[in-house]
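First the structure, in the form of structure tokens, and then the observations on it.
The values are calculated or read from the model by the stated rules, or taken from the named source; none is laboratory data. Remember, predicted model here, so these are calculated numbers, not experimental data. Positions of Cβ are backbone-derived with ideal geometry, glycine not excepted, and every protein chain shown enters the neighbour counts. The accessibility values were calculated without ligands, DNA or RNA, using every heavy atom of the protein model including side chains. Shrake-Rupley method; radii C 1.70, N 1.55, O 1.52, S 1.80 Å.
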Amino acid sequence: MDLSVVIPALNAAATLPATLDALGRAPREVIVVDGGSTDATAAIAAARGCRLIAAPRGRGSQLAAGVAAARGPWLLLLHADTRLGPGWAEAAAAHIAAAPDRAGYFRLRIDDAAPAARRLERAVAWRCRALGLPYGDQGLLVARALLDAVGGIRPLPLMEDVDLVRRLGRARLVPLPADALTSAARYRRDGYLRRSARNLALLALWFAGVPPRVLVRLY
């Protein structure tokens with residue numbers, strides 16, 4: 001596919017290998033945007049043939065830098081701890097052929113057998129369906145022309161994914177029939193209920209107009 005995958009990374013050595021391996025050879029290029037890692041993130045990206053660039057720390061800044069460097073007419077914005085499941089390339093190719101005026105996102109799956117993980121997956125599916133709010137850990141497949149039309153990636157320290165999907169709008173967001181398996185590490189560390197409640201509170205504060213530079217201190 002004529003597709004550029006953009007992955008912002010920061011000390012992602014533990015998860016990046018599986019993320020890159022799951023992509024296979026389908027994309028035209030994979031760009032890892034490092035935000036100042038002190039582990040083996042850069043070495044892992046280089047060893048797997050990725051383009052490695054540096055950018056100021058923060059997913060918004062890193063994504064914006066990666067998009068600016070990308071060569072492909074289609075972009076897949078992907079977190080460094082998210083592994084795309086079987087069939088992702090076929091689902092992406094079908095979307096590229098059929099819906100250049102819309103962005104696609106994958107089904108969230110949590111890398112955990114706990115019942116709380118299944119409840120969270122159902123809640124995320126409802127949020128995407130009812131509110132049109134997929135998050136960055138589900139990946140976002142978008143044509144560069146469409147991304148440019150809505151103003152591109154804003155270099156926000158937090159909520160860059162919500163900011164972008166809100167500008168795209170619910171009518172231009174399409175679920176893709178493949179999984180995005182994301183790490184459960186943060187949920188195990190903080191607790192599913194506590195982490196989910198904090199994320200919901202941050203989202204509410206963002207919608208209330210609290211600047212992302214303030215929200216990032218609470219994250």
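From the list Asp161, Asp190, pick out the single residue that is touching a Gly at 6+ places or on another chain (Cβ under 7 Å), open to solvent by less than 50 Å² (accessible area, probe 1.4 Å) and among the charged types (D, E, K, R). Criteria check complete, one pass: Asp161. If you check Leu141, Leu108 for being in contact (Cβ under 8 Å) with a residue 40 or more places away in the chain and closer than 20 Å to Val33 by Cα, only one passes: Leu141. When Leu218 is tested against (1) of a type outside the set (Gly, Ala, Ser); (2) open to solvent by 40 Å² or more (accessible area, probe 1.4 Å); (3) without any contact (Cβ under 8 Å) to a residue 12 or more places away in the chain, exactly one condition is not met: (3). Every test in (1) open to solvent by 20 Å² or more (accessible area, probe 1.4 Å); (2) closer than 21 Å to Pro17 by Cβ is passed by Pro56 save one, and that test is (2). Scanning segment 1-37 for residues that are among the small types (Gly, Ala, Ser), in contact with a strand residue (DSSP E or B) (Cβ under 8 Å, 6 or more places away or on another chain), within 21 Å of Asp179 (Cα to Cα) and open to solvent by 20 Å² or more (accessible area, probe 1.4 Å) turns up Ala18, Ala22, Ala26. What about Ser183, is it more than 19 Å from Leu131 (Cβ to Cβ) and among the polar types (S, T, N, Q)? Against the criterion (more than 19 Å from Leu131 (Cβ to Cβ) and among the polar types (S, T, N, Q)), Ser183 qualifies. I'd like the residue in segment 38-53 that is of a type in the set (Gly, Ala, Ser) and open to solvent by 30 Å² or more (accessible area, probe 1.4 Å) and, out of all such residues, is nearest to Leu141 (Cα to Cα). Among those that are of a type in the set (Gly, Ala, Ser) and open to solvent by 30 Å² or more (accessible area, probe 1.4 Å), it is Gly49. Remark: pairs (first residue in segment 1-21, closer than 23 Å to Ala97 by Cα and in contact (Cβ under 8 Å) with a residue 24 or more places away in the chain; second residue basic (Lys, Arg) and open to solvent by 10 Å² or more (accessible area, probe 1.4 Å); Cβ separation under 7 Å; 6+ apart in sequence or on different chains) = Met1/Arg28; Asp2/Arg28; Leu3/Arg28; Ser4/Arg28; Ser4/Arg71.
A search for C-beta distances below 7 Å between a residue of segment 184-205 that is free of Cβ contacts under 8 Å to residues at least 24 places away in the same chain and any residue that is open to solvent by less than 50 Å² (accessible area, probe 1.4 Å), counting only pairs 6+ apart in sequence or on different chains, returns Arg186/Arg195; Arg195/Tyr187; Leu205/Leu215.
Residue count for segment 84-111 satisfying the condition of being surrounded by 13 or more Cβ atoms within 10 Å (Cβ to Cβ) and under 18 Å from Leu16 (Cα atoms): 7. Going through (1) touching a residue at least 24 places away in the same chain (Cβ under 8 Å); (2) closer than 17 Å to Arg59 by Cα one by one, Gly151 falls short only on (1).
Go through Leu181, Leu202 for me and flag whichever is among the aliphatic types (A, V, I, L, M), buried (at least 17 other Cβ atoms within 10 Å of the Cβ) and out of contact with any helix residue (DSSP H, G or I) (no Cβ under 7 Å at 6 or more places or on another chain). After applying the criteria, what remains is Leu181.
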